[in-house]
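Novice: Sending over a structure as structure tokens; questions will come in a sec.
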2 protein chains.
Amino acid sequence: MNFYSFEPNLFKELVSFNANFIPNNMAKGLVKKEENYSQWYNEIVIKADLAENSAVRGCMVIKPYGFSIWEKMQSVLDGMFKETGHQNAYFQLFIPKSFFSKEANHVEGFAKECAVVTHYRLKNCENGGIEVDESAKLEEELIVRPTSETIIWNTYKNWINSYRDLPLLVNQWANVVRWEMRTRLFLRTAEFLWQEGHTAHATKEEAIAETKQMIEVYAKFAQEYLGVPVIIGTKTENERFAGAEETYCIEALMQDGKALQAGTSHFLAQNFAKAFDVKFLNKDNKEEYVWATSWGVSTRLMGALVMAHSDNNGLVIPPKLAPIQVVIVPIYKNEEQLADITERVDKLCQSLKGKGISYKFDNRDSQRPGFKFAEWELKGVPVRIAIGPKDYENNTWEVARRDTLSKEIISNDDILNHIETLLVDIKDNIYQKALNFRAENTHRVDTWDEFKDIIENKPGFIEAHWDGTSETEEKIKAETKATIRLIPIDPEHEEGKCVYSGKPSKHRVLFAKAY
Amino acid sequence: MNFYSFEPNLFKELVSFNANFIPNNMAKGLVKKEENYSQWYNEIVIKADLAENSAVRGCMVIKPYGFSIWEKMQSVLDGMFKETGHQNAYFQLFIPKSFFSKEANHVEGFAKECAVVTHYRLKNCENGGIEVDESAKLEEELIVRPTSETIIWNTYKNWINSYRDLPLLVNQWANVVRWEMRTRLFLRTAEFLWQEGHTAHATKEEAIAETKQMIEVYAKFAQEYLGVPVIIGTKTENERFAGAEETYCIEALMQDGKALQAGTSHFLAQNFAKAFDVKFLNKDNKEEYVWATSWGVSTRLMGALVMAHSDNNGLVIPPKLAPIQVVIVPIYKNEEQLADITERVDKLCQSLKGKGISYKFDNRDSQRPGFKFAEWELKGVPVRIAIGPKDYENNTWEVARRDTLSKEIISNDDILNHIETLLVDIKDNIYQKALNFRAENTHRVDTWDEFKDIIENKPGFIEAHWDGTSETEEKIKAETKATIRLIPIDPEHEEGKCVYSGKPSKHRVLFAKAY
């Protein structure tokens, strides 16, 4: 009997939240990432109880364990937004169809694969089911927001009159829907959760400064909390947000060597202000159009977290985002031993609480320690502590770190300091590991043959010269599936020739295959 | 020129977020609540920058100031849910139409005024606009969730196998849509924000205990944070949640004497487990259906907050939910005076920060103090402090409390303690005021003539005997618009006769006109 096949009934047991039916060696059930990266990713998301596919095609259910990681991301990001002067608000879910047509580029980019609401009532039908009431047809169809620029700028029109109303620094946490045909949990789903900042400014300079500030906030979050090194740059015209004059992005390298865009910040110039007629009176009492930005990150960051750090034993969660930072597993043969151990564990838990370190004492008697070890490894808890009768006698603990899977025996006197240090070490180590991986997998390429060879046979980023035309960009994409991930900010000046066309170029750009 | 008319252009200025164009005496612009309660409510919501109607009929935009109050509510409630063992998760926005038909009562209650998604693509049309792509019609229509029992129980089917998987204690913060025809900001809108708890239990007793626990959590929140006294009870069969066996509710009395249901908690028995075939293996290894609860509060609580405490000067926010608890307004004639005052204010702000009290130093030079006083009154800030040259010399502050509008001169030595005490006083006072109002407006009624007289001419609750039949309940509603708000928990036994039918009754129930 194969426990790891995806037969519906077994699978049902494997993903149950309390995980009581998962066999001890469940982690071995993961496909190795070297063998099938895509399946490995999917299995981690499912088996570590992060998310699953919903009954509605392309949508996902974010399970409590996964959601608690997302909540931590939200909390950190929300704090960073507020520190930089932003306030939250909420705008409606639906967009009147006509709004889309107002900004010419935006409509091209977004008014395509959308969920369209056409009716507002159901009625009982004769067979006992229900059917759409055709008499309740909307005069104008409503689109479930794929992004909210149009509704927000239509609203800002009423909020902005004078330079005194500016800047307007607003963010919203919301769900959005883009009817993607090929979906993958967290990376690309029809509905996803995100935040979208929408700001309005009196000057171009201020709006550009805001755009840059927010991409730097994202970069800081990615590096310090997600433990994912990112490169900041701007998108080419082809890859730019529909309606933006400039799109800043952060790009990260996943373990399979593909790039993942982890956040974007758009300078929208006066495009939406013009489309929705949003003007203000400047200090000289003259009317001007307002300058805009928008910026967002989404539950896609959960995908980045999984793909950047996890291994063949399962998830590896960066300590600052871990719902449980320390799990404690007792090893005992009888109730008396458990009572002794529990007393010592309780003291440690009190100390951890005092330090603001989250912990779980896994004293379930229904599972053996080996099972618990595998389960918490799969779920990516940064530090695992075991204590058995011998440790109790010796006044020690066995401490295992998730990132390296190494173990140490630590005396009770040192345990608290050790854990604190370890959490920082793990955070630093997983970041450094990802940084090294990126360094090892970034290729400076000067010929088209080399480009084609590397993009086909090696993972990672390619730094190459490009002639700056969309035509070349599209041809490269058509031939290799590689896209320009970004144009570096303040790129190093270097006279060179476009790797494809041979035309002159003054600096390199970053290519990769991407999610 | 009348500044307070609702001509579009002036109105636009009146609601701008920074409120720089609102004339000094703007609060006088509020309709008196005694004259037109409904308009008074609407004007407070709009002018205090809480929310406004969106471009989509029946939906609302929650503005930053309003949203910051809702965020505080969320944060407190979320903490209470977690303390009682619940975890957050996220389930998809869309419900396949067929899911509704699975629970017979639920379909009657919810599958009516819903937003229906029928297509998933738009295309460009010849006139330059966009149109629905008829070739992208969904095989099965999707309903935008009006509540999530059906999708969640369809999901729980895969999460629950054994008694070890229970209880499952999950909450979700989400937007929902009910296509209401007559809407009012916060009280009844097509889209609103809420939380919905959905729990699964092994026994009936445990599910009932959960249902009761959560209505008590809501009652505690309403009383301690919203400052709104509530009565806990159960709904009659007519008023019950569609699909529930028992609905617990909290009912509050608004200042116009109408009742507002502020939260509900439903014991769903095994109805959804049976509809979605969710069984578990009990300790004796036998299959049983799972027992369920669901419970929710929504942005309607914002409406309760406004209607319970506000006065003709504007909003009154309970201190624990106030985004700004203390506002400080400097009064000065020249830069030198402002510099002196600012120095002292900065010290006070540091002390407030140390105490975790939120504050704002309103040093805008574009507005006079009188304007600022009126603005912060309108926006309901609990404590307002003014400091002028004379206060500076005398080492004093002028402290005004929003609930009573009274002022005191307080010495600098006492100011911090005074503010702390005042915030508690205000909290207690607004609760007590609401409690007194309810006591004065609760009528014990024994005859039908008296009932009709009171329901027509006096605000408030009526305690009366009822024969326990839906027939009588419906007749009373048809004749007076009064509904049974709740059946008290453990009602005082009292032999009596139904106020309408004269049939025997053993206890009173609570009637009122309601929102």
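Rule-based calculations on the coordinates, nothing more; no lab input. Owing to the predicted nature of the structure, the values given are computational and were not obtained by experimental measurement. We place every Cβ from the backbone using ideal geometry, glycine too, and count neighbours over all the protein chains shown.
Novice: Quick one: which residues, 5 or more positions from residue B:414 or on another chain, have an amide H under 5 Å from its amide H? H modelled 1.01 Å from N in the peptide plane, none for Pro or chain starts.
Specialist: Amide H to amide H, under 5 Å and 5 or more residues apart or across chains, residue B:414 pairs with nothing.
Novice: Another question, if that's okay. Amide H of residue A:514 versus every other amide H placed in the peptide plane: which residues, excluding those fewer than 5 positions away on the same chain, fall under 5 Å?
Specialist: Those qualifying (amide H under 5 Å, at least 5 residues apart or on another chain) are A:259, A:483.
Novice: Would you please put B:146-155, B:317-326 in order of how densely packed they are, using the mean number of other Cβ atoms within 10 angstrom per residue and starting with the highest?
Specialist: Output ranking for B:146-155, B:317-326: B:146-155, B:317-326.
Novice: Here is a follow-up. Find every distance from the label point of residue B:366 to the corresponding label point in the other copies (7 Å from Cα along Cα→Cβ) and write them in nm, one decimal, shortest first.
Specialist: Between copies, matching label points for residue B:366 lie 6.2 nm apart.
Novice: Which of B:348, A:154, A:65 sits farthest toward the positive end of the charge dipole of the protein assembly as shown, with +1 on the Cβ of Lys and Arg and -1 on the Cβ of Asp and Glu?
Specialist: Going by the Cα projections, it comes out as A:154.
Novice: Using only Cα atoms, tell me the angle between helix A:415-440 and the longest principal axis of chain A; keep it within 0 to 90° and round to the nearest 10.
Specialist: 50
Novice: Still on this structure: Using just the helices of chain A, give the 222 nm mean residue ellipticity in deg cm²/dmol: DSSP H runs with n ≥ 4 each add -39,500 (n - 2.57), and the total is spread over all residues, rounded to 500.
Specialist: -10500 deg cm²/dmol
Novice: Output the 0 to 90 degree angle, nearest 10, between the alpha-carbon long axis of helix B:149-159 and the longest principal axis computed from the alpha carbons of chain B.
Specialist: 70
Novice: What number, in percent, do you get for the relative contact order of the stretch B:442-512 if the mean sequence gap of Cα pairs under 8 Å and at least 6 apart is divided by its residue count?
Specialist: 39
Novice: Taking the convex hull of the Cα atoms, report for the stretch B:442-512 its projected area averaged over all directions, in nm².
Specialist: Dividing the Cα hull surface by four gives the mean projection, 4.1 nm².
Novice: Dipole of the stretch A:319-413, Cα-centred, from +1 at each Lys and Arg C-beta and -1 at each Asp and Glu C-beta, to the nearest 20 debye?
Specialist: Magnitude of the dipole: close to 480 debye.
Novice: What nm distances, shortest first, do you get from the label point of residue A:469 to those in the other copies when the point sits 7 angstrom along Cα to Cβ?
Specialist: Spelled out, the distances from residue A:469's label point are 8.8 nm.
Novice: Let me make sure I get this right: for the stretch B:110-229, a, b and c are the square roots of the gyration tensor eigenvalues over alpha carbons, sorted descending. Under 1.5 in a/c it's rounded, otherwise prolate if a/b > b/c, else oblate. Which is it?
Specialist: oblate
Novice: Given the peptides A:259-266, B:329-336, arrange them by the average over their residues of other C-beta atoms within 10 Å, most packed first.
Specialist: Answer by packing, highest mean first, reads A:259-266, B:329-336.
Novice: Something else: What number, in percent, do you get for the relative contact order of chain B if the mean sequence gap of Cα pairs under 8 Å and at least 6 apart is divided by its residue count?
Specialist: 13
Novice: Give the lysines reachable from residue A:333 as a straight Cα distance under 23 Å; neighbours fewer than 8 places away on the same chain don't count.
Specialist: Of all the lysines, those that pass the test against residue A:333 - Cα under 23 Å, at least 8 places apart if same chain - are A:347, A:360, A:372, A:390, A:407.
Novice: Just want the answer: with Cβ charges of +1 for Lys and Arg and -1 for Asp and Glu, which residue in A:201, B:132, A:325 is farthest toward the dipole's positive end in the protein assembly as shown?
Specialist: Among A:201, B:132, A:325, the one farthest towards the positive end of the dipole of the protein assembly as shown is B:132.
Novice: Which of rounded, prolate, oblate describes the protein assembly as shown, given a ≥ b ≥ c as roots of the alpha-carbon gyration tensor eigenvalues and a/c under 1.5 marking rounded, otherwise prolate only if a/b is larger than b/c?
Specialist: rounded
Novice: Provide A:182, A:344 in ascending order of the number of other Cβ atoms located within 10 Å of each residue's Cβ, fewest first.
Specialist: Arranged by neighbour count, lowest to highest, A:182, A:344 become A:182, A:344.
Novice: Related question: From the label point of residue A:439, set 7 Å along Cα to the beta carbon, how far off in nm is each other copy's matching point, shortest first?
Specialist: Once sorted, the set of distances for residue A:439 reads 7.4 nm.
Novice: Related question: Could you derive backbone 3J(HN,Hα) for the stretch B:178-184 from the dihedral phi with the Karplus parameters 6.51, -1.76 and 1.60 (θ = phi - 60°), listing whole Hz in sequence and x where the residue is Gly or Pro?
Specialist: 10, 6, 5, 7, 10, 10, 9
Novice: From the Cα gyration tensor of the stretch A:216-315, with a ≥ b ≥ c the square roots of its eigenvalues, which class applies: rounded if a/c is under 1.5, or else prolate if a/b is larger than b/c, or else oblate?
Specialist: Since a/c reaches 1.5 and a/b is larger than b/c, the shape of the stretch A:216-315 is classed as prolate.
Novice: Please give the helix B:448-457 orientation as an angle from the longest Cα principal axis of chain B, in degrees from 0 to 90, rounded to the nearest 10.
Specialist: Result, in degrees: 40.
Novice: Another question about this same structure. What average count of beta carbons from other chains do you get within 10 Å of the Cβ of residues in B:120-133?
Specialist: Rounded to a whole number, the mean comes out at 5.
Novice: Shielding by partners for B:187-200, please: the mean number of other protein chain Cβ atoms within 10 Å of each residue's Cβ.
Specialist: The shielding value for this peptide is 1.
Novice: Limiting things to C-alpha atoms, what are the Rg and the maximum Cα-Cα separation (Dmax) for the stretch B:319-426, in angstroms?
Specialist: Reported Rg and Dmax, both Å: 12.8, 36.
Novice: Let me ask something else about it. Treating only the Cβ of Lys, Arg, Asp and Glu as charged (+1, +1, -1, -1), what charge dipole size does the stretch B:234-281 show about its Cα centre? Round to the nearest 20 debye.
Specialist: 140
Novice: Which order do the peptides A:390-396, B:437-443, A:89-95, A:214-220 take when ranked by the mean count of other beta-carbon atoms within 10 Å per residue, highest first?
Specialist: Per-residue mean Cβ counts within 10 Å order the peptides as A:89-95, A:214-220, B:437-443, A:390-396.
Novice: List the residues, sorted by chain then number, that are 5 or more residues from residue A:486 or on another chain and whose placed amide H is less than 5 Å from its amide H.
Specialist: A:510
Novice: I would also like to ask the following. What is the Cα centroid distance between the stretch A:282-297 and the stretch A:374-425, reported in whole angstrom?
Specialist: Between the Cα centres of the stretch A:282-297 and the stretch A:374-425 lies a distance of 54 Å.
Novice: Pop out the Kirkwood hydrodynamic radius of the stretch B:158-197 from its pairwise C-alpha distances, inverse of mean 1/r, in Å to one decimal.
Specialist: Hydrodynamic radius (Kirkwood, Cα pairs) of the stretch B:158-197 is 12.6 Å.
Novice: Same structure again: Please list, in order along the stretch B:248-258, the HN-Hα scalar couplings obtained from phi with the Karplus expression 6.51 cos²θ - 1.76 cosθ + 1.60 (θ = phi - 60°), rounded to whole Hz, x for Gly and Pro.
Specialist: Rounded to whole hertz, the list is 8, 9, 10, 10, 10, 9, 8, 5, 8, x, 9.
Novice: Counting only other residues whose beta carbon sits under 14 Å from that of residue A:216, what net charge do I get with K and R as +1, D and E as -1?
Specialist: So the environment of residue A:216 carries a net charge of -2.
Novice: Where the convex hull is taken over the Cα atoms of chain B, what is its projected area averaged over directions, in nm²?
Specialist: Result: 30.8 nm².
Novice: Right, next: State to the nearest 20 debye the size of the charge dipole of the stretch A:25-154 about its Cα centre, where the only charges are +1 on K and R beta carbons and -1 on D and E beta carbons.
Specialist: Using Cβ point charges on Lys, Arg, Asp and Glu, the stretch A:25-154 gives about 380 debye.
Novice: Can you run phi through the Karplus equation (6.51, -1.76, 1.60; θ = phi - 60°) for the stretch B:223-235 and list ³J(HN,Hα) in whole Hz, with x for Gly and Pro?
Specialist: 7, 7, 9, 6, x, 10, x, 10, 10, 9, x, 10, 8
Novice: Based on alpha-carbon centroids, what's the gap between the stretch B:190-238 and the stretch A:208-280 in Å, whole number please?
Specialist: Cα centroid of the stretch B:190-238 versus Cα centroid of the stretch A:208-280: 42 Å apart.
Novice: Related question: Using a 10 Å cut-off on Cβ to Cβ distances, tally the other chain neighbours for every residue of B:64-72 and report the average as a whole number.
Specialist: 4
Novice: Continuing with the same structure: To one decimal place, what orientation-averaged projected area in nm² is obtained for the convex hull of the Cα set of the stretch A:87-158?
Specialist: Its average projected convex-hull area is 6.9 nm².
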